[in-house]
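Below you'll find the structure, written out as structure tokens, and then a few comments.
Quick note: the coordinates plus some simple rules give every number you see, no bench work behind them. Small disclaimer: the values here were computed from a predicted structure and weren't measured. Here Cβ is always computed from backbone atoms with ideal geometry, including for glycine, and neighbour counts include all displayed protein chains.
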């Protein structure tokens with residue numbers, strides 16, 4: 001297990017050399033696979049990740065808790081797409097395991113003839129749908145390599161991905177690897193590499209998955225107040241998104257969250273794009289989370305989530 005983890009994280013070092021130019025990637029829904037709590041903090045969650053939602057951003061985060069937890073969230077995403085996540089984290093002996101599932105569906109897309117010889121309006125030939133699903137199995141361990149570096153939590157995950165467009169289906173498999181270093185009681189430093197896997201091929205066209213490198217930091221200003229920062233780079237897409245977020249708990253029962261992700265096209269999508277807001281409520285091991293993201297003319301995203309600890 002440790003050798004696999006160390007090898008996977010070592011791949012982060014030369015990762016920048018893989019991107020020889022911005023290109024098309026498959027399964028873009030993987031970029032949006034986060035819990036409402038993470039979304040409300042602009043996705044800067046890899047160093048804080050201490051709940052079942054860690055499986056979507058940094059599997060090492062599963063080691064930060066020993067409580068069993070199940071979570072479910074859903075949203076109407078952009079362009080009438082529907083998206084949801086299911087997550088679970090629990091203990092088996094001294095080891096922490098997690099399960100995650102992400103789905104996205106888009107219906108009623110116009111089918112039109114792709115004919116360069118056609119002039120004028122292209123008539124509709126009906127409609128079709130598209131769907132995506134990813135299932136993730138994760139493992140994490142606290143103080144993963146104590147003889148080499150104490151206070152380092154590590155984790156990795158295997159991911160199975162299927163995408164369908166009309167009657168055509170493509171598959172891919174990928175791995176995630178992550179680490180969280182507890183530099184002090186107040187500071188965590190994280191690194192995660194996601195979606196390192198096979199290409200996804202529809203008919204005769206194959207595209208790589210959106211490999212994502214995350215580097216983050218958490219500062220616990222107080223037991224109630226978390227401040228997070230993260231840089232998030234999609235290697236093939238050559239997209240770079242720095243983000244800042246914060247979470248404040250009132251009486252350990254109500255949380256206010258907010259954040260901002262830099263790197264969006266504000267000239268076309270509006271000045272508010274990149275902003276995220278949300279809240280959380282928890283009572284007796286049950287919780288509700290909400291996140292709001294404005295996307296200008298593309299619409300707004302409202303994400304709702306429920307979780308239970310047992």
*Hey, fewest Cβ within 10 Å first, where do 171, 56 land in order?*
171, 56
*asked:* Nearest 500 deg cm²/dmol is fine: what mean residue ellipticity at 222 nm does the chain get from its DSSP H runs of n ≥ 4 alone, each adding -39,500 (n - 2.57), divided by its residue count?
replied: -1500 deg cm²/dmol
*Gyration tensor verdict on segment 202-259 (Cα atoms; rounded if a/c is under 1.5, prolate if a/b is larger than b/c, oblate otherwise)*: prolate
_Residues in segment 248-290 reached by a label modelled at residue 300 [backbone nitrogen below 17 Å; 7 Å Cα→Cβ]_ = 257-260, 269-280, 290
*What order do you get for 182, 302 when you list them from fewest to most C-beta neighbours inside 10 Å?*
302, 182
*Give the calculated FRET efficiency between residue 204 and residue 92 to the nearest 0.05, with a Förster radius of 41 Å applied to their Cβ-Cβ distance.*
0.45
*asked:* For the chain, set up a GNM with springs between Cα atoms under 10 Å and report which of 258, 296, 61 has the largest fluctuation.
replied: 296
*asked:* Tell me the Rg and the Dmax, in Å, that the Cα atoms of the chain produce.
replied: 19.8, 70
*asked:* Which one, 242, 28, 208, has the greatest fluctuation when you compute a Gaussian network model over the chain with C-alpha springs under 10 angstrom?
replied: 28
*Extension reserve of the residue 224-residue 250 stretch, reckoned as 0.36 nm per residue once the Cα distance is removed*: 8.7 nm
*Nearest 0.05, what FRET efficiency do residue 184 and residue 80 give at R0 = 45 Å with Cβ-Cβ as r?*
0.45
*For 238, 185, 69, what ranking results if the residue with the fewest other Cβ atoms within 10 Å of its Cβ goes first?*
185, 238, 69
*asked:* If I build a Gaussian network model for the chain, linking alpha-carbon pairs within less than 10 angstrom, which residue out of 133, 281, 211 has the largest mean-square fluctuation?
replied: 281
